[in-house]
Each structure stands twice: as C-alpha cells, then as structure tokens.
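Engineer: Pasting a structure below so you can have a look.
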Amino acid sequence: MAQSLEERVRAMPRWLRDLVADWSSDQQTFKVNWGKAMMWFFIVSDMFVFGAFLSAYAAARLGATLPWPDPAKVFALHIGESEIPLLLIAIMTVVLISSSGTMAIAVKYGYERNRAKAALFLALTALLGLTFVGMQAFEWTKLIREGFRPWTNPLGAPQFGSSFFMITGFHGLHVTAGVIYLITIASQVLRGAYEKIGYQRVEIAGLYWHFVDLVWVFIFAFFYLF
Amino acid sequence: MEHSGEQHHPIRVYLVVWGLLFLLSAMSYFVDYFEVRPKELAWFLITAFALLKAGLIVSYFMHVRFERLSLVYAILLPTLLILALTAFVMAEGSYVFDVRAIFFGR
C-alpha cells in the first residue's frame, strides 16, 4: 500500500518535516513574484558560468610559462603622439555603468507608471548597450588585425587569446541579448502592456541588465587591470 | 513596498550609487595607470574596488538589500562557492606551471 504524501511527511524526522513544510504545501518560499524568482535563478546559474570562465582564466594564466601579454599595452590606444593605456576599456566601462544607472531610473519610472519616461530610459539603456557592443567589435577587429588568435598572439603566452575571446565574447553575447530584451520591454511599456499586470517585468529586465554590468566589473578588474 | 513586490526608492539613491560606481572605476583605473607598486598592493586595491562596486550594484541597483532574507541567502551562499572552485583551479594552475618548467625547461 502506498502511503499518502501527508503520511510520509508526518513520518519524517522533525528537522526534515519543518524544512519540507516551508518549501512545499503550495507556499511561496521567496515571497517575490514568480518572474523575479526565476530571473534570480537564471542569474545565479549564469554567475557560475562566468565564475568558471574567470577561474579557468586564472588557471591558464598561472600555468602559462611564456610571459602574459600586458593588458595595459595590448589595449592601449594611440591618440595623436601619445599612447593611453586601456583607454577604450575605460570608455566601455563608463558606458556600461551609465547604462546601469539609466536602467535603474527606468525601473523607478515604470513603478511610478510614467510610461513615456520609462520607455525613454529603457531605450537609452539599450542604446548605451549597443555602443558598448560596437566598441567591443572595434576592439576585437583591432586585435585580430594585430595577429591575436585564440591559440596564438605576437606578445607572449598563447593562453591569452583563448581567455580573452572566450570571456569578452560571452559577455558581449549577453550584452547583445540584453539589448534585444530591453527593446522588447521598452516597446511593451510604450504600448501600455503593463498597465494591468504591473511593472515588475521592467524590474526583472533590470536585474538581467545589472547582472551584465556586474560581470563586467569582474572582467574589468581581473582581466584588464591585473 | 512589501505587499505589491514593487521597489520604490527615491531617485537620489540611484544617482549616489551611480556616482560612487564612477568614482570606484576611476580609482581602479588609476591604480593601473600610475602603476602602483608593489604589484600585490595594486592587486589588493583593484580587487577591493571591484568588490565594493559589485556590492553597490547588487545591493542597490538589484535591490537585494531590500529583499527578504530567504532570497538573499539563496542568491549569495551558492555564489560564494565559486571562490572554492577558483582556489582549487589556481592551485592546479601553479602546479601545471611547475610541471611545464620541469619538463620543458621554461
């Protein structure tokens, strides 16, 4: 005879019974809306992905016997006579942080039901994201012309290329997907699609966008500045 | 705020965090630009600035500071496990370096 679920729960030791009671019985464990909980679920899993990439980069760099190319020189830009280290990367960082700021403001205007301003700031965020991807495409083109490949480069350790193209490529893919995501949300805001169901979806899109910025914080620090 | 699941905060909060993010980014850039030495000090400063930036983004832009603890723990505790992975593969990376140095002599 199969036991009923209730009987099985009652037969559990107390510590397990309490835990099961908290997480089952149609309870909402996290007391946030479903979409937000799922976006956090995705973000935590994506943090593992980037955590694995950055760890693999650390291992590759520590294991490299040839000297690691100096990012300050690799990513320097010539402006007139002088060479400014990491200039493009600094501008990209400023652009992405700005887009995070405009995103936060878009979420605020969404909850205030100011549709025009929410859509405006979402569009602005998408535009800054597009600028970022554009600059990254420029950077990739420049490096590829200089002979950088995932398996070799003219300046030293061949592991540099595989780490660089993998990490920035995957991040750029996230930014590109985010731009499409934001444009979709912006058009829905403008259409008034959230007037009845509320503006949580703008905040959820914001979570994704801030996460992309968050990842860049670590790439900027550990790949470009170390 | 708790009832609707909406996050309402004055715009000033976002602008202050925004400004701090710019400041911290600029400071970490200048650590590299002015070639702060010893290298360990530069690495320490860059890591510290990055963690501060990450904390600001997660706490205020992603509103984690205002969420319930059950969600905060569910987000932060698994993420911290990444550090264990990083520590293990860094040890492995150093080992690979030694093996290469011994067998390939460079």
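Engineer: So which pairs qualify, if the first residue must be in the range B:2-17 and within 15 Å of A:Y109 (Cα to Cα) and exposed (fewer than 15 other Cβ atoms within 10 Å of the Cβ), the second must be at pLDDT below 85 and of a type in the set (A, V, I, L, M), the Cβ gap must be under 8 Å, and the two must be at least 6 apart or on different chains?
Structural biologist: Final answer for the pair search is B:H8/B:M1.
Engineer: Hey, another quick one. Can you confirm whether A:I144 is at pLDDT 90 or above and either within 10 Å of chain B (Cβ to nearest Cβ) or not in a helix (DSSP H, G or I) (or both)?
Structural biologist: no
Engineer: Oh, and also: If you go through the range A:53-71 one residue at a time, how many are assigned to a helix (DSSP H, G or I) and touching a residue at least 40 places away in the same chain (Cβ under 8 Å)?
Structural biologist: Of the residues in that region, 9 qualify.
Engineer: Also, I was wondering about something else. Which residue is farthest from the other protein chains (Cβ to nearest Cβ), if the candidates are limited to the range B:22-46 and must be assigned to a helix (DSSP H, G or I) and β-branched (V, I, T)?
Structural biologist: B:V31
Engineer: I've got another one for you. Looking only at the range B:47-103, how many residues end up being more than 7 Å from chain A (Cβ to nearest Cβ), surrounded by fewer than 13 Cβ atoms within 10 Å (Cβ to Cβ) and more than 30 Å from A:W23 (Cα to Cα)?
Structural biologist: 7
Engineer: Could you list all residues from the range A:97-119 that are of a type in the set (G, A, S), more than 16 Å from A:V179 (Cα to Cα) and away from chain B (no Cβ under 11 Å)?
Structural biologist: Selection gives A:A116 alone.
Engineer: Let me spell it out: the conditions are (1) at pLDDT 95 or above; (2) farther than 18 Å from A:M92 by Cα; (3) polar (S, T, N, Q), and A:T125 meets all of them except one. Which number is the exception?
Structural biologist: (2)
Engineer: A further question follows. Looking at the range A:74-103, which of its residues are more than 15 Å from the chain's Cα centre (by Cα) and touching a residue at least 24 places away in the same chain (Cβ under 8 Å)?
Structural biologist: Of everything in the range A:74-103, those that are more than 15 Å from the chain's Cα centre (by Cα) and touching a residue at least 24 places away in the same chain (Cβ under 8 Å) turn out to be A:V74, A:F75, A:L86, A:L88, A:I89, A:I91, A:T102.
Conditions (1) over 22 Å from B:H63 (Cα atoms); (2) without any contact (Cβ under 8 Å) to a residue 12 or more places away in the chain; (3) of a type in the set (F, W, Y), marked per residue:
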{"position": "A:L143", "(1), (2), (3)": "yes, no, no"}
{"position": "A:F148", "(1), (2), (3)": "yes, no, yes"}
{"position": "A:F164", "(1), (2), (3)": "yes, no, yes"}
{"position": "A:T168", "(1), (2), (3)": "yes, no, no"}
{"position": "A:H171", "(1), (2), (3)": "yes, no, no"}
{"position": "A:G192", "(1), (2), (3)": "yes, no, no"}
{"position": "A:V202", "(1), (2), (3)": "no, no, no"}
{"position": "A:H210", "(1), (2), (3)": "no, no, no"}
{"position": "A:A221", "(1), (2), (3)": "yes, yes, no"}
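Engineer: Quick one: A:Y57 ticks every box in (1) surrounded by fewer than 15 Cβ atoms within 10 Å (Cβ to Cβ); (2) modelled with pLDDT of 95 or more; (3) of a type in the set (F, W, Y) except a single one, so which number is it?
Structural biologist: (1)
Engineer: Continuing with the same structure: Test B:V17 against the stated conditions and say whether it is more than 10 Å from chain A (Cβ to nearest Cβ), among the β-branched types (V, I, T) and more than 15 Å from the chain's Cα centre (by Cα).
Structural biologist: no
The values are calculated or read from the model by the stated rules, or taken from the named source; none is laboratory data. Bear in mind the structure is a predicted one, so any value in this text is a computation, not a measurement. Quick reminder, even Gly has a Cβ in these numbers, built from the backbone with ideal geometry, and neighbours come from all protein chains shown.
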